[in-house]
Each structure stands twice: as structure tokens, then as C-alpha cells.
Amino acid sequence: MIIPEQLVALPHLLIADSAHFTVHSTIFTRTYVGDVLFGLTPVSTILIEDAFTQGVVSISTTLLSLPIAYPYTSHSIISASDLNGMVSLGLQDSSSPVPKFSEDLGMDVKDSVSLDSLSGSIWRNTPSSPFKGPSTNCHSKMKEGDCLRMEVNLDSTPRTVQFFVNGKSGDCFVSGLPASVRIGFASPAEDTSFRIDRITRLSQPTPITPEMIELKW
């Protein structure tokens, strides 16, 4: 496989609120926290405007800054080790509306999946999910400098998505994707930043190994 050049220009984007991010070249930094509720801040989402309907699409990002995200006191039910900033990478059915402020891919957004850097879990809000936003362990917790890549195979039957961290595949993948999807990114924490490195179409998908757990859409 030929490694493409690093992304130099962003595609057209759909952003829940442009005040929630600053954009420098291909780097996004979360700038607006909003009201804190139960120690958490509302998430804000960015979508690539154009929907994907065919091919093997690869999206690579680098996690640049994952600062302490939420207020912490001795009375908090959340441990200090769980308070790092978070980035989610995922997709949604292109017929679903653009997520509103506080709606996260894989959780609040109907017909969507995502993987979050905080826990390394895949989240699903899909027809086969037993309830909104169940999570499944896929990778370990990520850190600054890690490369998170999502590979969407829209030519396979069924259509699939899998996630890689620093080139390593995870423990599971999602199958049965809709025919048209939009790809997105989300973060709830001020000063969290990530870079979109590459958006490319691959000539061949990465094989899904027999050991990987299949999660149905």
C-alpha cells in the first residue's frame, strides 16, 4: 500500500457550533466547555460534510493534547485517573441529522458508532443495540501522541468499520453499516486537540482476523 501524503487541506465540515473549536491547518482544539453537569462537560461534534457510499475509506488522526478535563474534588464519584480529555472518532448514517451540542456519536446520535480515546471502547446507538450507547472494549486507554485510525469498508458484504491504534487492530469490529455514512469527530474537554492526518481511499481493506469480535449494526 502506498502511504499518502499528510493532509494539507480540510474537506468541507459540518460543526455543531464553530465557537467550540479553533482550527489551525488540520489541527482542532476544543475551546468552549459550556455548563458542567455532574462533573462532565457537553460534547461537541464535527462531521465531514460529504457522505461516503463506496470504497475503503481510511481516516487517520493524531491525539495531540489530552489535558485534565473535568473539575475534581474529594467528593467526586469520578477518579482523577479518568479525567483526561477525550476524542471520539466514528460515523453515522448520513440520513441522520447533524448532532446537536451535547450529542455524541455512538451514544446520543441515532444510527451511529464511535471509538473513544478515554477508554478505548466502541460505542453503538444502532438497531441491534439493546439500549442507547452500549460500550464494548476494543483498545486500551490512549495517550497523547497516539495515532487513531478508522477504516470503513463500504464495498464488503456486510459493510464494516474497524479501528486501529498506532497501527494495531482492536479486539472487535462493527458490521452491517448503512449504505451511506458520514464520518465525524467529537470532544467534550477544553484544550483537547487532535490532528486529522489523512483521509484516503485504500485499494485493499485490512483483513479482519477470525479472533475479532463482530458487533452488528
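The values are calculated or read from the model by the stated rules, or taken from the named source; none is laboratory data. This is a predicted model, so every value here is computed, not measured. Glycine also receives a Cβ, built like all others from the backbone with ideal geometry; neighbour counts cover every protein chain displayed. Note: areas computed on protein heavy atoms with side chains; ligands, DNA, RNA excluded. Shrake-Rupley method; radii C 1.70, N 1.55, O 1.52, S 1.80 Å.
The figures follow:
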read-out	value
Placed amide H near Ala189: partners under 5 Å, 5+ positions off or other chain	Met86
Percent of alpha-carbon pairs separated by more than 31 Å within the chain	13 percent
Cut-off under 5 Å, modelled amide H: who pairs with Asp146 long-range	Leu63
Where GluC sites (Glu not before Pro) fall in DSSP loop in the range 138-217, at most 13 other Cβ within 10 Å	Glu211
Debye log10 I(q)/I(0) for the range 129-217, one point scatterer per Cα, at q = 0.12 Å⁻¹	-0.42
Solvent-accessible heavy-atom area per residue, rounded to whole Å², over the chain at 1.4 Å	48 Å²
Whole-number percent relative contact order across the chain, with pairs defined as alpha carbons under 8 Å at least 6 apart	30 percent
Accessible-area composition of the chain, carbon plus sulfur, in percent [1.4 Å probe]	54 percent
